[in-house]
């Protein structure tokens, strides 16, 4: 990863120096241990701020929706797919973005780490060669990164950008098992009562802050349906029916678009796993229409077209 | 219609006890083939249950998934969407777009606990009066066997929040 | 009332005693988060948690609050009565109540809602022996064993708690409790040492005095654009913050076009674009830049001018909850050093 960081900085420096781009977006060290944060560099002399590691968790494709001008982004597979989806929807111009593909084998899930730490404070920590090592008062522990992956990474099918302009390092080896959506099938098999009970419990924690929506690179509507008042679909007062409505509709608005990056779950201050809904749609979209989003910047959005060959067994 | 409770949040008109309960179904039907078909059912004397209330849209492709969700939130027990048969859409392929959208909606709603058998989609041609009546009847019976809808209904979940301070 | 002590086992019994007489709210686990919720048994309180995910502000300023119910021209204000205990409040959160009081319960503008909740609640605090290293209450005039906003303060002395009634209400809550014993000189001394050591662990200086002096003149400073670049506008910071208090008011009618229903106040956030969206379509805070500036200036400049206190208690929930690690400590230092 050290070497990748060096290569990343060199690339950023030359892109800025040569005037190919006016801005580079990547990651820099965070303000707390074992954390990075999005980094915006305009000056070739500032590129030493940039880092690359399994701590680079945020989906930085979000920023390209509001930034104008030629920009380079150092992206993981999921970030790149979100970017390509936004390009296919006409939100970003392909020629404005220099996609630099980074190899990724998963990022650290800070919540899973916190579970291991059980409230103990750390004074130091590293993530290297697939291992997470933490030290604190009276303890020093190591865990395989593979045990501390967030939900998006556990099911990842595209670790490196499928379309890119520059690639740093070798493409990360794809996980051998194709996503078999076993979790979706298992949930599907529950009874309606069990399903209802699950969501009633999970969503009881939802404080409707909409961090999930904001963190999602593909939620970019100027007026979100929750803010519509004529008609009013979503009511602001506490009914769990409206909380469920919000999450269901947001998932539906991402049908055929969501790339499964998990930024939503990661942003949730209450730790709710929101991907349960998205994964059902990811499965259905793939199985019914053989469609995977974010692989081709010229692809037509899934719901903008339909085929007479679509499965129609549900139609009377 | 929502009734506002003093202590809890909105709740629906209480459904009568099980024995008197009649399923309430909303059917979104397109103005071209489907409406004509439904009308024909009437003039041909093909009976279908009064449980089905029709809401006309210009094209099935106009169906916003929020219409279905709003229906469920208000306590509607079943939803039927009817469009023109393939190749008959007045606007080209609105009917096909609708079926794709609807299929994904149905899958996701079933994932959150809406029983399979509440959400239906059908092609009804302009001359297919009897088909419309048959489909409508089938939907009513399918929903009747499931009982009142219990997912997404406003007001039902109020109790789970009452003990928590946010 | 003189200082008391209570063993850890007896504390759970004390909670059970409170539960018999009052509604008791304490930290409880809810999935991955810890919130303040009503407990039915003393043992349900999660007292090992250093910092709850959500602050206790919801006990006084709920996320949804019915202001009144109306029917034609008659209106009814729902009121909650009966005393209750809010248990396990950290001193930063206790202090946050004194900050919110400035807006919601003043002599000139008392409110039925917040004021009533404050009046009927005994606030029992617990000091922080080992503050998380992200905390910065000390930079803002607070401390890990601070007493502001609390009726009772508990200090964890290892196998027992030092129990100090800080107000007349606190004395009333604790009087006649057989579970409490008089504290010895040693106990009291240990409590003082604990408080001092905790304060020293949190030696954070964010140059707040410098910042207060210059912030007023920084409205047009280009630094705001830089600081807010990574902000997603998610509003999580405002929801977890113990002193953020912006709200929206909505009317819900029984029937469309009817004249009966209720008026409800709900939390809102200055970080949402719609927050300052005018009916004309103009928005004076059109981007993250203006909204970030608003948040910082409201807390560290406007509130100081209006009420004489900073509307931040250094609990660090915003920076630990922020999905992009936007750290208010870094923001404050950057601004102070401008």
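Since every read-out is calculated from the coordinates, none of them should be taken as a lab result. What you are looking at is a predicted structure, and each value in this text was computed from that prediction instead of being measured. Cβ: placed from backbone, ideal geometry, glycine included. Neighbour counts: every protein chain shown.
Note on the range C:4-201: Cα-Cα pairs beyond 22 Å make up 49% of the total pair count. In terms of Cα atoms, the Rg and Dmax of the range A:169-265 work out to 16.4, 52 Å. When each of the peptides A:150-161, C:70-81 is scored by how many other beta carbons lie within 10 Å of its residues on average, the order from highest to lowest is A:150-161, C:70-81. For chain A, the mean projected area of the C-alpha convex hull, equal to one quarter of the hull surface, is 18.8 nm². For peptide C:315-324, the mean count of partner chain Cβ atoms within 10 Å of a residue's Cβ comes to 5. Neighbour counts of C-beta atoms inside 10 Å place C:214, A:76 in the sequence C:214, A:76, starting with the fewest. Between residue C:76 and residue C:254, how high is the FRET efficiency from 1/(1 + (r/R0)^6) when r is the Cβ-Cβ distance and R₀ = 22 Å? Nearest 0.05. Result of the calculation: an efficiency of 0.95. Its Cα gyration tensor gives the range A:1-119 an equivalent ellipsoid. The semi-axes, each the square root of 5 times an eigenvalue, are 25, 18, 11 Å from largest down. Taking the fewest neighbouring Cβ atoms within 10 Å as the starting point, the ordered list for B:69, C:97 is B:69, C:97. Applying the Kirkwood pairwise sum to the alpha-carbon positions of the range A:42-95 produces a hydrodynamic radius of 12.4 angstrom. Legend: P(r) of the range C:208-336 from all alpha carbon pair distances, 5 Å bins from 0, whole percents, reading 2, 10, 17, 21, 20, 13, 7, 5, 4, 2, 1, 0. Calculated [222 nm] ellipticity per residue, helices only, for chain C: -9000 deg cm²/dmol; basis is -39500 (n - 2.57) per DSSP H run with n ≥ 4, divided by all residues, nearest 500. Diagonalising the gyration tensor over the Cα atoms of the range C:12-116 and scaling each eigenvalue by 5 before taking the square root yields semi-axes of 28, 17, 14 Å, largest first. Set the Cα radius of gyration of the protein assembly as shown against 2.2 N^0.38 Å, with N its number of residues, and you get 1.02.
When the alpha-carbon atoms of the range C:199-272 are used, the pair Rg, Dmax equals 19.8, 61 angstrom. Extents of the range B:45-137, largest first, come to 36, 31, 19 Å (Cα atoms, principal axes, whole angstrom). Once the gyration tensor of the Cα atoms in the range C:104-161 is diagonalised, the equivalent ellipsoid follows with semi-axes of 28, 16, 8 Å, ordered largest first.
This ranking places C:69, A:87 by how few other beta-carbon atoms lie within 10 Å of each, fewest first, which gives C:69, A:87. When all alpha-carbon pairs of the range A:116-199 are counted, what percent fall beyond 20 Å? Percentage above 20 Å: 60. P(r) for the range C:54-146, from all Cα pairs and a bin width of 10 Å, is 14, 40, 29, 12, 4, 1 %, short bins first. Volume per residue for the range C:255-328 equals 179 cubic angstrom (convex hull of Cα atoms). In chain A, Cα pairs under 8 Å separated by at least six residues give a relative contact order of 18 percent.
Extending 7 Å from Cα along the Cβ direction at residue A:142 and again at residue A:312 yields two label points whose distance is 6.1 nm. With both labels modelled 7 Å from their Cα along Cα-to-Cβ, the residue A:31 to residue B:88 distance reads 6.4 nm.
Find how many whole Å separate the alpha carbon centroid of the range A:45-112 from the alpha carbon centroid of the range C:267-338. First find each Cα centre; the distance between them is then 26 Å. Given chain C, report the % of alpha carbon pairs whose separation exceeds 33 Å. In whole percent, the share of Cα-Cα pairs in chain C beyond 33 Å is 32. With R₀ set to 35 Å, the beta-carbon distance separating residue C:205 from residue A:45 gives a calculated FRET efficiency near 0.75. Over the C-alpha trace of the range A:237-316, radius of gyration and Dmax come out as 14.7, 43 angstrom.
Take the Cα radius of gyration of the range A:258-305 and divide it by 2.2 N^0.38 Å, N being the number of residues; the result is 1.32. Taking the Cα centre of each part, how many Å lie between the range C:119-162 and the range B:71-119? Centre-to-centre (Cα) distance: 55 Å.
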